Each structure stands twice: as C-alpha cells, then as structure tokens.
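Readers should treat all values here as calculations from the given coordinates under stated rules, not as data from a laboratory. Quantities reported herein were computed from a predicted structural model and do not represent experimental measurements. With ideal geometry, Cβ positions are generated from the backbone for all residues, glycine too; neighbour counts draw on all protein chains shown.
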Amino acid sequence: MGLSDRILNIPIPVVSFLMILTIALPMVTPIGLPIKIGSMTKAGYDIILGLSEGSVVLMSYGVSPAGVTEVGTGAKALVYHVLSEGHKLILVGPAVDNPMFVEKDIPPIANMLNKQYGIDWVHLGYYAGVEMGLAAILSDISSVYTTDHRGNKLQDLPLMQEVKGAADIDLHICVTFSADMPSQLARQVAAPYGIPIILLCDGVTGTIATPYYPTQIQSIMMSMRGSAEYELLIKRPAEATGGMDSISLSYLYLTLLLVITNIATFYKRGEKKEER
Amino acid sequence: MSVTVKRLIPVAIVFIIGFYMIFVSYIVVPPALTDVSKQLTSWGPIITALSMGFGYIILMRTHGRRTIRLQKGEWLYSLTIVVTALVYPVLYLTVGPASAIYKLAYEHVNQTIGASIYAIVLFALTGAMYKAFRARTLNGFLLLISGLIVMLWVAPIGEVIWAGFPVLGAWILDFPSKGAFRGMVMASAFGALAIAYRTLIGVEGGHVAGVEE
C-alpha cells in the first residue's frame, strides 16, 4: 500500500479522535491568537451605542440546546451591552426551549447591572407560529401575550405599559439557528416597520442572511466568531473568545485533511493513468 | 360532506382573507379595517398552538398504541416518547417551569442531549469531508478552494498563516456568495408570489390536498 492509499484509508475513528484533540488541546493550553473585529459585528455595536438612553429593544432569544455553544455567549454579551447602555429589553422566544435559557442567562446579568424586572427588562416567553407570531407581536403585543413568562399581567409591568407594538420598538435583536429567519425578518420587521435589526446566528444562517445586509439587516454576527468579536468589543472576553483557539486548530486540521486527501487522490489518479 | 363543500369552502376562505390582507397592506383603509387585519394576524400563533396540541394528541395515540401492543423493535422507543411527553407537561403544570426539579429535568436531560447531538454532527461532517470532498471537476475545485479560504477567514489562525485569507474570505462572502444568494432569493420570491396567487384564486390545491375534484 502506497502513501496515497494510506492517506486515503485512515480509519474514521482516528480522524475523529484527532478532531477531538484539536478542539480539546487549546482548552488546556490556550494559544491566545488575536481576533480582528469584523465590520458586520462592529455595525451592531455601533447601533446599540447610537440609540438614545431608554430605547426599547425587542430581543428574540433563540438560544436552544443545539445552538448554545455557538450563539449563547454572544447573546449574553448583547444583553449585557443593551442593559448597560440604559436601554429597555423585552425578551421573547420563538422555540419552546428559549424561555429556559432566558431565565438562566438574563437574571444574573440584570442583577449585576442593578436592572429591575418589569422596569428595565421583561421576559414574555415563548410565542407560537414563528413568522406569524413575530408579525402578531409587532402588530399588537397584547394579541399574543396577556401575561409574561412569570405569570404577571402585562398591565402590571411598567415597561409593558409603554410598549404596545412596533411603533414603540427601536431595535430588534434576533438570535437564531434557523436559516428561514433572515427572510422572515426582512418581511415582517424591516419592510413594514423599518426597525433596525441585529442578527446573531450560526454560520449557515449568516451566509443566507448576507443578501439582506446592510439594507434590511444592519448587523450580522456569525457563529462563535461573531460572539467572540462582540465580547471583545464590550471588553468582556468570555467563552466565545476562549473557544476561538479551538476553532483555529480544528479548522486548520480540517484544511490540512482536505488538502492532503485531495493531493493523494490527484496523485493516485495520475498513477492509474500511467498504468493504463 | 360533499367534495364541493370540502373544497369550495376552504378555497373561498383563503380567497377572501388573502385578498383582504393584501388590500389592507397596500391601500390606506379606515382604522376599523386595520383592526380586523390585526385580529386576523393574531390568529396565526393561536392556530400554530392548536396544531401543536393536535400533533401532541396524534403522537401520544400512535406511540401509546405501539407501547400497549408491545410492537417488536418499536415499543421501547415509543414508551420513551410517551413517558417523556407526559413527564414534562405534568412537571410544568404541577411544580412550574421556575422550580428546581423542572430545571433539573430540563437542563440535565433535554439540554444535554441536544448539545450532544449537535456536537456529534461535527464528527459526522469531518468523516464525510475526509471521505467525499474531492475536487474531481473545476466546479468542485472552486468549491473546495473557496470553502478553505472562508474557513481560514473565520479562524483567527488563518490571518496568522497569511494576511490575505481575511481579505479573500470577506470578498467571497461579499460578492460571489451574496450575489448568488440575492439571485436565489429573488427567484424564489417570484416563485412564491406565483404560488401565492395560484393559491388565492384556488388553482393551487395544496391546502385542500386529499379532496378529489
């Protein structure tokens, strides 16, 4: 068996084990490679900075068990930035998993910044119908929610007495793992109401969202990279910044794997031609 | 119930409500008409919630039957679904979502399984890339090269290897990728418009599927 055959016949468990190593090693011994801030992430940071104090931000907190590693930490960074700038935050969730993450992630941040529930932030909980649900919320919040996630009546929450629908919302932040979401945001948020949108999403959804940038969606933060960039922008490096070393090594490993296997295939094809 | 009633009534409902919503969206109308459209929009989440409830009943009926009949090779999985689908709502309704026991059941079961499955996908992808991603044609070669450049653009190590990776990666995303996606979005939007129009006038019968003419 020649070298090219050996390269092309590495057992999959070995390939997978090496992948585990490339992810795990930087966690034990961090490399600390520099991370450059992208323009799409910086745009989101500037939008939040540019809002006048007390602006209302509607955040669709689409963090789920599958996406928590990739976008969870970026979502927390965005919440921190919004609340620390003195803006009001309304959290909703298009999937049944989302409220659990809101209740786990947001209270510690709000407490750290001395923000009061009901005045500075409100958690309305899950809404059904994804696109239709979002359209209904923007049209009239009370048509979807009569109580918040904790069972309080909306009229008893000071923040919700001021916010009735799209006219009272200054910014929409959407955290999502759904590739359908960018077009839904363009249809239901940007086109009818012209509300600025910040999208934090996985890499696949980010690529699908680029046609809408910067006209309909003003900022796209893609995957863990976008989260890490945002953590650095607000000067609070956390899990995403730490995870970028793992991304670096694992991507480098994948690149090498692809280059070597393709060279081996090319070489083997040449050998076969010669034999003929 | 006759086929005419089964087909005509749904088509008529879609026609009237569809054109009404289009009318209200594009033409300035009295507030009373806008209020009706808002009311109709709010039905969306309600209908979705109802369909979820309906799906729950079907799920329980199907898997409940399999469990009771001890269907070979199926019943254990069905039992798992039935128990899970019962435990979470019961916990939610009795102790509430904020309780420690519900959080424990959610975070240590659902969340862990979800994250694990997503993590496993990485290894499946790595294996698939290793076995199948070969530049056999010019198109395949271009796909491979652009994929590698974008990967090294996302990873900070790419810039350490060569400063051109971020520039090339951003260019690929900004021009070829964005341009191609915009074309696809426009094409699918025109397609969706055509299907919507056909549905509104009753030519497209997807929503009344199963009802013969």
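Taking a ≥ b ≥ c as the square roots of the eigenvalues of the Cα gyration tensor of chain B, is the shape rounded (a/c under 1.5), prolate (a/b larger than b/c) or oblate? Note, shape of chain B comes out oblate. In order along the stretch B:133-142, the Karplus-derived 3J(HN,Hα) couplings, from 6.51 cos²θ - 1.76 cosθ + 1.60 at θ = phi - 60°, round to 7, 10, 7, 8, 10, 5, 4, x, 5, 5 Hz, and Gly and Pro are given as x. Each Cα pair under 8 Å and six or more residues apart adds its sequence gap; the mean of these over the residue count of the stretch A:16-105 is a relative contact order of 32 percent. When the square roots of the Cα gyration tensor eigenvalues are ordered a ≥ b ≥ c, the ratio a/c for the stretch B:51-105 is 1.5 or more and a/b does not exceed b/c, which makes its shape oblate.
How do A:Tyr267, A:Tyr45 rank when sorted from fewest to most other Cβ atoms within 10 Å of their own Cβ? If you can, show how the numbers build up before the last one.
Numbers: A:Tyr267 15, A:Tyr45 21.
If I rank by nearby Cβ atoms, fewest first, I get A:Tyr267, A:Tyr45.
Computed about the Cα centre, the dipole magnitude for the stretch A:68-219 is approximately 100 debye when only Lys and Arg (+1) and Asp and Glu (-1) carry charge, each at its Cβ. Distance between the pseudo-spin-label points of A:Leu49 and A:Leu3 (7 Å out from Cα toward the beta carbon): 5.2 nm.
In whole angstrom, how far apart do the alpha carbon centroids of the stretch A:109-186 and the stretch A:48-74 sit? Measuring centre to centre over Cα atoms gives 12 Å. Pairs of Cα atoms nearer than 8 Å and 6+ residues apart set the relative contact order; for the stretch A:197-276 it is 20 percent. Among A:Leu91, A:Leu154, A:Leu33, whose mean-square fluctuation peaks in a Gaussian network model of chain A (Cα, cutoff 10 Å)? Looking only at A:Leu91, A:Leu154, A:Leu33, the largest GNM fluctuation is found for A:Leu33.
Shape class of the stretch B:92-213 from the alpha-carbon gyration tensor: oblate, with a/c at 1.5 or above and b/c at least as large as a/b. The angle separating the long axis of helix A:39-50 from the principal Cα axis of greatest extent in chain A is about 20 degrees. Modelled spin labels at B:Tyr197 and B:Arg136, positioned 7 Å past Cα toward Cβ, are 4.1 nm from each other. For A:133-141, what's the mean count of beta carbons from other chains sitting within 10 Å of each residue's beta carbon? Per residue, the average neighbour count from other chains is 4. Bridgeable lysines around B:Lys72 (alpha carbons under 22 Å apart, same-chain partners fewer than 8 residues away excluded) are absent. On the beta carbon distance between B:Val5 and B:Glu204, with R0 = 22 Å, the FRET formula returns roughly 0.70. Counted by neighbouring Cβ atoms within 10 Å, the residues B:Lys72, A:Lys104, A:Lys36, A:Lys88 run from fewest to most as B:Lys72, A:Lys36, A:Lys104, A:Lys88.
Straight Cα distances below 15 angstrom link A:Lys164 to the aspartates and glutamates A:Asp140, A:Asp148, A:Asp156, B:Asp35, with same-chain residues fewer than 8 positions distant left out. Other residues lying with their Cβ under 15 Å from the Cβ of A:Asn152 contribute a combined charge of -2, Lys and Arg counting +1, Asp and Glu -1. Residues A:Glu274, A:Glu131 in ascending order of nearby Cβ atoms (within 10 Å, fewest first): A:Glu274, A:Glu131.
Bridging of B:Lys131 to aspartates and glutamates at a Cα separation below 15 Å is possible for A:Asp5, once same-chain residues fewer than 8 apart are set aside. The phi-based Karplus calculation (6.51 cos²θ - 1.76 cosθ + 1.60; θ = phi - 60°) puts the 3J(HN,Hα) values of the stretch A:150-167 at 8, x, 6, 5, 4, 5, 8, 9, x, 5, 6, 6, 8, 10, 10, x, 4, 4 Hz, whole numbers, x for Gly and Pro. About its Cα centre, chain A has a charge dipole of approximately 740 debye under the convention of +1 per Lys or Arg Cβ and -1 per Asp or Glu Cβ, with nothing else charged.
In a reduced charge model with +1 at each Lys and Arg Cβ and -1 at each Asp and Glu Cβ, the protein assembly as shown shows a dipole moment near 1400 debye about its Cα centre.
Per DSSP H run of n ≥ 4, the term is -39500 (n - 2.57); total these for the protein assembly as shown, divide by its residue number, and report the mean residue ellipticity at 222 nm rounded to 500 deg cm²/dmol.
Rounded to the nearest 500, it is -20000 deg cm²/dmol.
Taking the Cα atoms only, what angle lies between the long axis of helix A:98-112 and the longest principal axis of chain A, rounded to 10 degrees? With rounding to tens, the tilt is 70 degrees. Under 5 Å from the amide H of A:Met221 lie the amide H atoms of A:Leu199, A:Leu200, A:Cys201, each residue being 5 or more positions distant or on a separate chain, with H modelled from the backbone and absent for Pro and chain starts. Backbone geometry of the stretch B:46-57 corresponds, through the Karplus equation with coefficients 6.51, -1.76 and 1.60 at θ = phi - 60°, to 3J(HN,Hα) couplings of 5, 5, 4, 4, 5, 5, 5, x, 5, x, 4, 4 Hz, x marking Gly and Pro.
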